[in-house]
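Everything on this sheet refers to the single structure shown next.
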Amino acid sequence: MDTTTNRTGGTQGRTPRGPAGRTWRDRAWWNRPRTVVVGAVLTGAVVFLVGTLAGVDPQVRAGSGTLEVTISLVIATSLTAALGGWGVRALLLRRPEGGRTAWLVLSGAVLLVSLLGPLGAENAGATVLLLLEHLAVGGVIMVGLSGAEPRGARAA
């Protein structure tokens, strides 16, 4: 293990590093969990806005009525899914091998189950828009968090 030096020249203690001395800061910017969360939220918002600008009225059947899908609902749901995925991925990173395969299987299963929701849309346009939204946001989360490495992992 190496020690790291802070801005004032003192050491901060021991930081786990891989054989090439890599830390989380050395990962590509798009592979950091915070970037994935922001990317998932922005992806959901962009897909929604493009769909609504194209004239799609996203409504889903909910119980005995309908639910209007709004931009705030899209942002809140995307944020919740991304933060939940980050938490699960962090738990899987505690496994010695990093849990990448387990992450891909679990996140893929969750994405497939989430695709059942848009099937309750009021019209075909809303169904297509919501399916695209689920695939886009789920894809960003699934792929973005899959590259995370456990502490002290090997350099790629």
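The values are calculated or read from the model by the stated rules, or taken from the named source; none is laboratory data. What you are looking at is a predicted structure, and each value in this text was computed from that prediction instead of being measured. Cβ: placed from backbone, ideal geometry, glycine included. Neighbour counts: every protein chain shown.
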Inset, instruction - Mind listing just one residue for me: the one in the stretch 127-148 that is surrounded by fewer than 17 Cβ atoms within 10 Å (Cβ to Cβ) and of a type in the set (Val, Ile, Thr) and, of those, modelled with the lowest pLDDT? - result: 143
Legend entry - Condition check for residue 102: surrounded by 12 or more Cβ atoms within 10 Å (Cβ to Cβ), in contact with a Ser or Thr (Cβ under 8 Å, 6 or more places away or on another chain) and within 17 Å of residue 146 (Cβ to Cβ): no
Inset, instruction - Would you check if there is a residue in the stretch 57-78 being surrounded by 12 or more Cβ atoms within 10 Å (Cβ to Cβ), under 12 Å from the mean Cα position of the chain (by Cα) and not hydroxyl-bearing (Ser, Thr, Tyr)? - result: no
Legend entry - Cβ-Cβ under 9 Å pairs, at least 6 apart or on other chains, the stretch 101-128 side aromatic (Phe, Trp, Tyr), far side assigned to a helix (DSSP H, G or I) and surrounded by 12 or more Cβ atoms within 10 Å (Cβ to Cβ): 103/85; 103/88; 103/89; 103/92; 103/142; 103/145; 103/146
